[in-house]
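Participant: Next up is a structure, given as structure tokens.
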Amino acid sequence: MRIFKKQKAKSFSIPPLTQEEDLFNFLPLPICFFDLNGKVLKINPTFEEISGYKKENILGKTIEKFFRKNEIRRIKEETLEKGSVKGRETTFFARGNKEVPISLFTLLSKNRKGEIKGVLLGFYDLTEIKKRETELKEVRTALLNILEDIEEERKKTEAEKNKTLAIITHFADGILVFDKEDRLSLLNPKVEEIFEVKSKEILNLSLSQLSKFPNFLPLLELLKKKEKELFRKELKLRENLILEVSVIPIKAKSEIIGTLVVLHDVTRKKIIERMKTEFVSIAAHQLRTPLSAIKWTLKMLLDGDLGEITEEQREFVNKAYRANERMIKLINDLLNVARIEEGRYLYKLSSLSIEPLVRKIVESLKQEAERKKIKLEFKKPKKKLPKLMLDAEKISLAIQNLVENAIKYTPAGGRVTVSLKVENKEVIFSVKDTGVGIPKEQQDRVFSKFFRGANVMRMETEGSGLGLFITKNIIEAHGGRIWFQSKEGKGTTFYFAIPFFQKVEHS
Ligand code: ADP
């Protein structure tokens, strides 16, 4: 069906100007009037502006050029049928096919006689509104996304918290957390078990309030020392309960915000350690008697007490004697280590001068040094040394270990220098060698039990790795300290210092 009936040109007439003309021109809304053929007969300046065309290029042209054909035809039909169309959202095509979203209104125009003259069409430009709408939609989506993210984060944090709590609750070690004010802010069931208290009785209590619980006293004593940095100590809580207590400051941006205390039950480990030490001790004792019987038999053979022996036999017996001696030294070292660990390495102190002890040891090792073509010398101290409280036998053992090591780990042609001096109310002993040195990466383990340097293992020199462990214990039991400087391939200097008025640790 044709909607726009063709009309003859002569019947085309512009409606008479009325009073409303001013209003028509003045309105900020785009308005046009077209006849039943769809020919635009009148537009207002706003329409002209929004269309982008000049007025003369619009008037007399079809309204269809501004809309989708089907749509404008439908709108016109509806207008004819119902008299008007209100707020229809559609697209206006301005110059250059520029799409303008609009809300459209029409009104059927009749003359006084009631004859239909054409259609008045006006619209709102929805561009801005649409833009805002899109923006709003975007903002809304963004907001929803943020909310979703927050929710997700919250869930994650919650899950993380639950996980941490589960770990703490089921942790095999006791865990206590004290806040900045030293109030107990967290503890796990293991703590309740160790101290035989209920969580609700002690939670949020300060250190002084906790001291009302006698079971807590040993731990509080330890915490009171208030070493701010991390430390680890052993604590005997009861006869059958030994704990290793680790105190760790909790820091947030370098500020301490609390303290974490971890209680690790080492009772079993201690019992096993004690059994091991006891075993070594017993085995070593049992070995000592036959070894000394062998020693004396071999000695008698060497001294000719059992009859003459040939040179060749002497050589073999000598080898056996030396091997036996090494075995005796090892057994003695093992026994000493066991005594140290059992707290039975007791000291008999008396006021002594250390110099004669050092001289005697250096003298006794001269032969060994010569055999190895090493120059061993003792540098006389410049000042007279004060007497020290010493256990002569044990300090001699320490000095002997250090000088023997220097000779042992220095190749032929080298030099070993022993010296004594006084500095800051301490007597300082040193033994300097030009030997193989200690590899840098192993230096922090030098004083631990059974340590042997990778470089000396290659040399295949004999040794047990117990000498320095024992030596360190001896020096420290005299209130002294021991240290060294070493460069691999260049040499090593071992030092120990014993204060004049030492505070002696009796084990
Ligand atoms: P041992 O000498 O029986 O192996 P020690 O406890 O006396 O045991 O020494 C441990 C290790 O320390 C040695 O095996 C060696 O690697 C290293 N060491 C000790 N003294 C020296 C030294 N003067 N020069 C180089 N290495 C040394």
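Participant: Hey, got the Cα dimensions of segment 398-454 along the principal axes, in Å, largest first?
Facilitator: So the extents along the principal axes, rounded to whole Å, are 36, 29, 20.
Participant: On to the next question. Once the principal axes of the Cα atoms of the chain are found, what is the range along each, listed largest first in whole angstroms?
Facilitator: Principal-axis extents of the chain (Cα, largest first): 163, 63, 47 Å.
Participant: For segment 36-123, what is the largest minus smallest coordinate of the Cα atoms on each principal axis, given in angstrom and ordered from greatest to least?
Facilitator: Extents along the principal axes, in whole Å: 39, 26, 19.
Participant: Also, I was wondering about something else. State, as an integer percentage, the relative contact order of segment 127-237 based on alpha-carbon contacts under 8 Å between residues 6 or more apart.
Facilitator: Taking the mean separation of contacting Cα pairs over the length of segment 127-237, I get 14 percent.
Participant: If you consider only alpha-carbon coordinates, what radius of gyration and Dmax does segment 349-499 have, in Å?
Facilitator: 14.7, 43
Participant: Quick one: what are the phi-derived ³J(HN,Hα) couplings along segment 254-259, Karplus 6.51/-1.76/1.60 with θ = phi - 60°, whole Hz, x for glycine and proline?
Facilitator: For segment 254-259, the Karplus curve yields 6, 9, 7, 10, x, 9 Hz.
Participant: Which helices, counted as full DSSP H runs in the chain, have an axial Cα extent of no less than 30 Å and a Kyte-Doolittle average of -1.0 or above?
Facilitator: Sorted by number, the helices that extend far enough and score high enough are 127-170, 267-303, 311-342.
Participant: If you don't mind, there's one more thing I want to ask. Please report the spacing between the Cα centers of segment 437-501 and segment 165-214 in Å, no decimals.
Facilitator: 42
Participant: Can you pull a Stokes-Einstein diffusion coefficient for segment 327-399 at 20 °C (1.002 mPa s), Rh from Kirkwood over Cα pairs, as a whole number of µm²/s?
Facilitator: In µm²/s, the coefficient rounds to 148.
Participant: With an 8 Å cut-off on Cα pairs and a minimum separation of 6 or more residues, tell me the relative contact order of segment 19-125 in percent.
Facilitator: 26
Participant: Stokes-Einstein diffusion coefficient for segment 412-496 at 37 °C in a medium of 0.692 mPa s, Rh from the Kirkwood formula over Cα pairs: what value in µm²/s?
Facilitator: Estimated via Stokes-Einstein, D reaches 238 µm²/s.
Participant: Could you state the orientation-averaged shadow area of the convex hull built on the Cα atoms of segment 203-320, in nm² to one decimal?
Facilitator: Reported value for the Cα convex hull: 14.2 nm².
Participant: Cα convex hull of segment 269-341: how many Å³ per residue?
Facilitator: Taking only Cα atoms, segment 269-341 has a hull volume of 70 Å³ per residue.
Participant: Under 18 Å Cα to Cα from residue 180, which lysines show up? Leave out anything in the same chain fewer than 8 places away.
Facilitator: Result set, ordered by chain and number: 224, 225, 226, 228, 251, 253.
Participant: Still on this model: So, by mean Cβ neighbours within 10 angstrom, what's the order for 401-413, 76-88 with the highest one leading?
Facilitator: 401-413, 76-88
Participant: Can you give the translational diffusion coefficient of segment 104-160 in µm²/s, computed by Stokes-Einstein from the Kirkwood radius over Cα pairs at 25 °C and 0.890 mPa s?
Facilitator: Reported coefficient: 154 µm²/s.
Participant: A follow-up question, please. Using every alpha carbon pair in segment 194-268, what percent of pairs falls into each 10 Å bin from 0 up to the bin containing the largest distance?
Facilitator: Taking all Cα pairs of segment 194-268, the binned fractions are 17, 48, 31, 4, 0 percent.
Participant: Another question, if that's okay. Rounded to whole Å and sorted largest first, what semi-axes of the equivalent ellipsoid does the C-alpha gyration tensor of segment 155-226 yield via the square root of 5 times each eigenvalue?
Facilitator: 24, 14, 10
Participant: Multiplying the sequence separation of residue 113 and residue 68 by 0.36 nm and subtracting their Cα-Cα distance, what value in nm do you get?
Facilitator: Gain in length upon complete extension: 12.9 nm.
Participant: Binned at 5 Å from 0, what are the whole-percent values of the Cα-Cα distance distribution for segment 85-213, short to long?
Facilitator: Distribution as computed: 2, 8, 9, 9, 7, 6, 5, 5, 4, 4, 4, 4, 4, 5, 6, 5, 4, 3, 2, 2, 1, 0 percent.
Laboratory data are not the source of any read-out in this text; all were calculated from the coordinates shown. Owing to the predicted nature of the structure, the values given are computational and were not obtained by experimental measurement. Because the Cβ atoms are built from the backbone with ideal geometry, glycine has one as well, and the counts that use them run over all protein chains shown.
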